[in-house]
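These notes concern the structure reproduced below.
The values are calculated or read from the model by the stated rules, or taken from the named source; none is laboratory data. Source: prediction; values computed, not measured. Glycine gets a Cβ as well: all are built from the backbone with ideal geometry, and neighbour counts include every protein chain shown. Surface areas here come from the heavy atoms of the whole protein model, side chains and all, with no ligands, DNA or RNA. Shrake-Rupley method; radii C 1.70, N 1.55, O 1.52, S 1.80 Å.
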Amino acid sequence: QKEVEQDPGPLSVPEGAIVSLNCTYSNSAFQYFMWYRQYSRKGPELLMYTYSSGNKEDGRFTAQVDKSSKYISLFIRDSQPSDSATYLCAMTGYNYGQNFVFGPGTRLSVLP
Amino acid sequence: GAVVSQHPSRVICKSGTSVKIECRSLDFQATTMFWYRQFPKQSLMLMATSNEGSKATYEQGVEKDKFLINHASLTLSTLTVTSAHPEDSSFYICSAREPSGSTDTQYFGPGTRLTVL
């Protein structure tokens, strides 16, 4: 079992739809959870950052962390064609020396 | 958010030459920087972890003599691809770690596309 699992997609939705992106993980030591957006031929851009469990909202984006289920989600409301990108989840633990672990990424296409 | 720059953004070179890529954290000090490689439509592959003032830690399968990493200051890390060959053509991305209080995250540079002819 991989340390972080993420459906690679591709996921296609119509403009205006609510998008749900998810990752599951196996290491209970993870405490910091991130979502990155990567456009083609660009470096990943930090979208959302969450520490421990809970929800965090930023504009059209909502990140949820359920540590009891080892499950994190990113919701995109009123999706736009400009949201078409690959979305990577990432996580790390308390110890400073612990590596970050990335999911493989989900390719999202929002169709106009 | 924090800004990480990378230079050059694109490089084309002949086989056998060496190429240096710079990664800078512009508005924070990064004691740890990471170098990733990414092939088309694939996820990030961690190559090495670079700590300021010490030797880089390479992932299994990454040749340390091929990919030289130097992290001479808290804001600069360099990756040198020595004697580059066509199979080294890829998208190289650096990131810088910012741990502060309850924050511990990475910020990525824009990437460098290397094409070896």
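Some notes on this structure:
- When every residue of region B:23-31 is checked against the conditions, at least one turns out to be modelled with pLDDT of 90 or more and either open to solvent by 70 Å² or more (accessible area, probe 1.4 Å) or assigned to a loop (DSSP other than H, G, I, E, B) (or both).
- Strands (runs of 3 or more DSSP E) enclosed by region B:39-117 - at least 1 residues per element that are away from chain A (no Cβ under 12 Å), small (Gly, Ala, Ser) and farther than 26 Å from residue A:37 by Cα: B:67-73
- Filter result (part of a strand (DSSP E or B), small (Gly, Ala, Ser) and exposed (fewer than 15 other Cβ atoms within 10 Å of the Cβ)) within region A:48-69: A:54
- Filter result (open to solvent by 30 Å² or more (accessible area, probe 1.4 Å) and more than 13 Å from chain B (Cβ to nearest Cβ)) within region A:77-108: A:77, A:78, A:80, A:81, A:82, A:84
- Selected residue [free of Cβ contacts under 8 Å to residues at least 24 places away in the same chain, among the aliphatic types (A, V, I, L, M) and open to solvent by less than 50 Å² (accessible area, probe 1.4 Å)] from B:62, B:19: B:62
Conditions (1) among the aliphatic types (A, V, I, L, M); (2) in contact with a Cys (Cβ under 7 Å, 6 or more places away or on another chain), marked per residue:
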{"residue": "B:2", "(1), (2)": "yes, no"}
{"residue": "B:6", "(1), (2)": "no, yes"}
{"residue": "B:22", "(1), (2)": "no, no"}
{"residue": "B:42", "(1), (2)": "no, no"}
{"residue": "B:46", "(1), (2)": "yes, no"}
{"residue": "B:63", "(1), (2)": "no, no"}
{"residue": "B:77", "(1), (2)": "no, yes"}
{"residue": "B:90", "(1), (2)": "no, no"}
{"residue": "B:97", "(1), (2)": "no, no"}
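- Matching entry among A:40, A:28, A:20 (being part of a strand (DSSP E or B) and either within 11 Å of another protein chain (Cβ to nearest Cβ) or farther than 24 Å from residue B:37 by Cβ (or both)): A:20
- Test: residue B:79 is open to solvent by less than 50 Å² (accessible area, probe 1.4 Å), in contact with a strand residue (DSSP E or B) (Cβ under 7 Å, 6 or more places away or on another chain), in contact (Cβ under 8 Å) with a residue 24 or more places away in the chain and within 26 Å of residue A:29 (Cβ to Cβ): no
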